[in-house]
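One structure below.
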Amino acid sequence: MPHDPVDVLIIGAGAAGAAMAWSLSDTRMRILCLEQGDWMDPARYPSTSLDWESQGMGPMSLSPNTRGRVEDYPINDGDSPIRISNFNAVGGSTILYAAHFPRLHPSDFRVKSLDGVGDDWPIDYPTLEPFYADNDRMMGTAGLEGDPAYPPKKVPLPPVSLGKVGHTLARGFDRLGWHWWPSDSAIATRDYEGRAACINLGPCITGCAQGAKASTDLTYWPAAVRAGVELRTRSRVREITVDENGLANGALYYDAEGNLQEQRAEIVIVACNGVGTPRLLLNSASKQFPDGLANRSGLVGRNLMFHPYAMVTGLFHEPLEGYKGPTGCCLMSQEFYETDPARGFSRGYSFEILRGRGTVATALTGMSSGALPWGADHHDAYEKLFDRTAGMVIICEDLPEECNRVVIDPELLDSDGIPCPRIEYRLSDNSLAMLDHAVARGREVLEASGAHSTTAISPLPPAGWHLMGTARMGRDPERSVVNEWGRCHDVKNLFIVDGSIFVTSGAVNPTNTIQALSLYVADQIKQRLDRLFD
Amino acid sequence: MPDQAEQEALLEAVLDTLIPPCEERGMPGAGALGLAGELPRDELGPVIDPGLQALGADFASSSLEARQARLEALSGEQPAFVPALLFHLYRCYYAQPAVLEALGMPGRPPHPEGYAMEENDLGLLAAVRARGRQYRDA
Ligand SMILES: Cc1cc2nc3c(=O)[nH]c(=O)nc-3n(C[C@H](O)[C@H](O)[C@H](O)COP(=O)(O)OP(=O)(O)OC[C@H]3O[C@@H](n4cnc5c(N)ncnc54)[C@H](O)[C@@H]3O)c2cc1C
């Protein structure tokens, strides 16, 4: 039995789907969101137990393949130097994200014109600016106004605590005369809209038990549900269906018991992230769309961008209290963000300063690096490692390349028998040159901050957490999947609003932009309701 | 074949050799903390049981130096024995309240109490502010 038809069907309740649902909820439309995951219970997040670090390696791992929860789908990323990290629940990957929340720069929308690489976006920074502002308000962004790396912007909450780690590194940046600024962070640094203030628990990336981190199950979703949006959980969409005119008319999905259900809708909006969205479109092949839905350009799944990451860590003589404070939110530097041809690569990168390692991670890292012996010398060595590390991840811009892509794996299936994605990805020469430059500068600033030795991992294998480009935006239907307001060129009532539609990646964490784009597309839909399918 | 009590005493002695007590720092030994009971024995059994047998019952009564030498020698023959144990042992040991306290941290999970942090010194930004605008027009 099909369910009652709805006006708008959103697929995916993560960062983008939540923002879309909230924005559309002020219309009189009937809105339904189908989400394969469930509501999470923050009271059971790992930071409420002593074994929180171990839980982060198992049931709350960043990798869906390691977690293997029934809500997850496996991803074949075995051939990629960068592996996928995500989460599948109400809130999507924001359940685990670090909440580092910068915007793109104005130059990021004009990459081709300014630097002759990648492509220009069909929209620009001023177009997104009001939606960034709305998103900062809804998510509760903390930060400090006046960052000279950005056009002026308002930030609703004061910055996160820099702590000893931040102050130590800030002095290092100052010694070199390099840019740094307290991070824009989607973390309530004061009580905000029903969320309790951050109490510096540390492990944000296993879920925030305090509820201070802005995951969308705590921000957009309660407001959207209050306004009448229906959120149907444990509903995994197998395919989007089309009518004889080639318009989307709903979806087939599996419920929690594995029963196939049918849902009809006038408008379908896909928000399954940069891997889940191309998977769904490719799995929705039909007679009218034999190569996958909305894929006449052949670009669905292609131009996958990750942000190649490096991690550089310094060892210090003094304790740094690095177990306190949000893991990934402290300060950032954009000294090397904009292109400088003298560096031998196009585009640039950001430094995102990290807090120190936990007690267990200190031991396990020491064991694998050989720095921590067992036996009589164990405690001496441990004392020199524990709470003596500070460092950074470096977020490099990834340029779009068609050979980097998401395809459907010929064998891998999820628990409902739906074909799963496989990742084909390699690092470009530009990325490799940028990573080398970035690691050398990372070591330099750590030494300037007082580190007596440094180590680097480049690229960082689990850093496939920013998923972009696989259904890119553009004006030309031959060269893009969605138009300049998020509607698929090939299917006039099908929209995409996650990182898939990024044209280029910039060199900052994408979620603020993903959500600003989603709010912008929602606004375009509302403005065009009377001529939406023209 | 040692009986179960001997086997437990042996494993406890191995753990106390891998992470021995350190009185000066107040760090307990891993065996004396009772962590043998917290290790995933089913998973570890095939890797460590042959090694435990090879060590023999007198291992437990030897000095730390002698035990360390025996484990080092065993590692030559059974290279997976120590790393397999350490991987699980570190995860248990470094999550014990007594250990956290000896390291100068509160012996509790991060939530619900959290941690207090020092005030931000935003005066450090003076040099950055003085450099002025840093983004490109587009
Ligand atoms: C460990 C980690 C750290 C991160 N740190 C940061 C950070 O500091 N800053 C930042 O900006 N970003 C960060 N990210 C990335 C951030 O989480 C994502 O950019 C963001 O969540 C993407 O939003 P989305 O809506 O596109 O996808 P998601 O949030 O991933 O949501 C997609 C949702 O769609 C659902 N779904 C997928 N397929 C189907 C289907 N077929 N049927 C039904 N439902 C489906 C999924 O279950 C999921 O809930 C991090 C991510 C991880 C994993």
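Using only the C-alpha atoms of region B:49-138, find the volume of their convex hull and express it per residue in Å³. Let's see the in-between values first.
Working: hull volume 26.7 nm³, N = 90.
Residue-normalised Cα hull volume stands at 297 Å³.
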At what distance in nm do the modelled label points of A:Lys154 and A:Val117 sit from each other, each positioned 7 Å from its Cα along Cα→Cβ? 3.7
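Between chains B and A, what is the buried accessible area summed over both chains (1.4 Å probe, protein heavy atoms, nearest 100 Å²)? Walk me through the numbers on the way to the answer.
Working: alone 9430 and 19950 Å², together 24300 Å².
Interface area, both chains combined: 5100 Å², rounded to the nearest 100.
Local charge sum around B:Ala57 (other residues, Cβ-Cβ under 14 Å, Lys/Arg +1, Asp/Glu -1)? Don't jump to the answer; show the numbers that get you there.
Working: positive: B:Arg67, B:Arg70; negative: B:Asp3, B:Glu6, B:Glu8, B:Glu12, B:Asp58.
So the surrounding residues net to -3.
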GluC sites (Glu not before Pro) in region B:1-53 lying in a DSSP loop, each with at most 15 other Cβ atoms within 10 Å of its Cβ, come to B:Glu23, B:Glu24
Within region B:4-109: Cβ-based charge dipole about Cα centre, in debye rounded to nearest 20 (Lys, Arg +1; Asp, Glu -1): 300
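May I ask you to derive the FRET efficiency for A:Arg531 and A:Leu176 from their Cβ-Cβ distance with R0 = 51 Å, giving the value to the nearest 0.05? Before the final figure, lay out each step's value.
Working: r = 55 Å, r/R0 = 1.07.
Approximately 0.40, to the nearest 0.05.
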0 to 90° range, to nearest 10: angle between helix B:4-18 axis and chain B longest Cα axis: 40
Give me the net charge for the shell around B:Ala13: Cβ to Cβ below 11 angstrom, other residues only, Lys and Arg +1, Asp and Glu -1. -3
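Residue by residue through A:325-336, how many Cβ atoms from other chains fall within 10 Å of the Cβ on average? Mind showing how you got there, number by number?
Working: counts 3, 0, 0, 0, 0, 0, 3, 0, 1, 2, 2, 0.
Shielding by partners across A:325-336 averages 1.
Hey, if we sort A:Asp38, B:Asp137 by accessible area with the 1.4 Å probe, largest down, what's the order?
Working: A:Asp38 55, B:Asp137 115 Å².
Sorted by accessible area, descending: B:Asp137, A:Asp38.
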Mean Kyte hydropathy of 0.0 or more with a Cα span along the axis of at least 18 Å, helices from DSSP in chain A: none
Using alpha-carbon coordinates, inclination of helix B:41-55 to the longest axis of chain B, degrees: 50
Under 16 Å from A:Lys324, Cα to Cα: lysines that are on another chain or at least 8 residues apart: A:Lys164, A:Lys213
In whole percent, and with a 1.4 Å probe on the protein chains, what portion of the accessible area of chain A is carbon and sulfur? 48
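Suppose accessible area is computed on protein heavy atoms with a 1.4 Å probe; arrange A:Trp39, A:Trp221 from highest to lowest.
Values: A:Trp39 115, A:Trp221 0 Å².
Output order, biggest surface exposure first: A:Trp39, A:Trp221.
Grab the beta carbon distance between A:Leu252 and B:Leu122, set R0 = 35 Å, and tell me the FRET efficiency rounded to 0.05.
Details: r = 54 Å, r/R0 = 1.54.
E(calc), rounded to 0.05, equals 0.05.
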Using a 1.4 Å probe and counting only protein heavy atoms, arrange A:Glu318, A:Glu53, A:Glu411 so the residue with the most accessible area comes first. A:Glu411, A:Glu318, A:Glu53
For region B:1-106, which whole-number percentage of the solvent-accessible area (1.4 Å probe, protein heavy atoms only) is attributable to carbon and sulfur atoms? 53
How much area per residue is accessible in the protein assembly as shown when the probe is 1.4 Å and only protein heavy atoms are counted (Å²)? 36
What is the sum of charges around A:Ala16, taking Lys and Arg as +1, Asp and Glu as -1, for the other residues whose C-beta is under 13 Å from the C-beta of A:Ala16? -2
Once the in-chain neighbours fewer than 8 apart are removed, the lysines whose Cα is under 16 Å from A:Lys526 read A:Lys492
What does DSSP give for the protein assembly as shown in terms of the percent of beta bridges that are antiparallel, rounded to the nearest 5? 70
Over its Cα atoms, what ratio of radius of gyration to 2.2 N^0.38 Å does the protein assembly as shown give? 1.00
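So, by mean Cβ neighbours within 10 angstrom, what's the order for B:30-36, A:363-369 with the highest one leading? Don't skip to the answer; put the middle values down first.
Numbers: B:30-36: 20.6, A:363-369: 17.1.
My ranking of the peptides, most packed first, is B:30-36, A:363-369.
Divide the volume of the convex hull of the Cα atoms of region B:4-109 by its number of residues and quote the answer in cubic angstrom per residue.
Numbers: hull volume 10.4 nm³, N = 106.
Per-residue hull volume (Cα only) is 98 Å³.
The values are calculated or read from the model by the stated rules, or taken from the named source; none is laboratory data. Everything quoted here is computed from the prediction, not taken from an experiment. Cβ: placed from backbone, ideal geometry, glycine included. Neighbour counts: every protein chain shown. Side chains included, ligands, DNA and RNA excluded: accessible areas come from the protein's heavy atoms. Shrake-Rupley method; radii C 1.70, N 1.55, O 1.52, S 1.80 Å.
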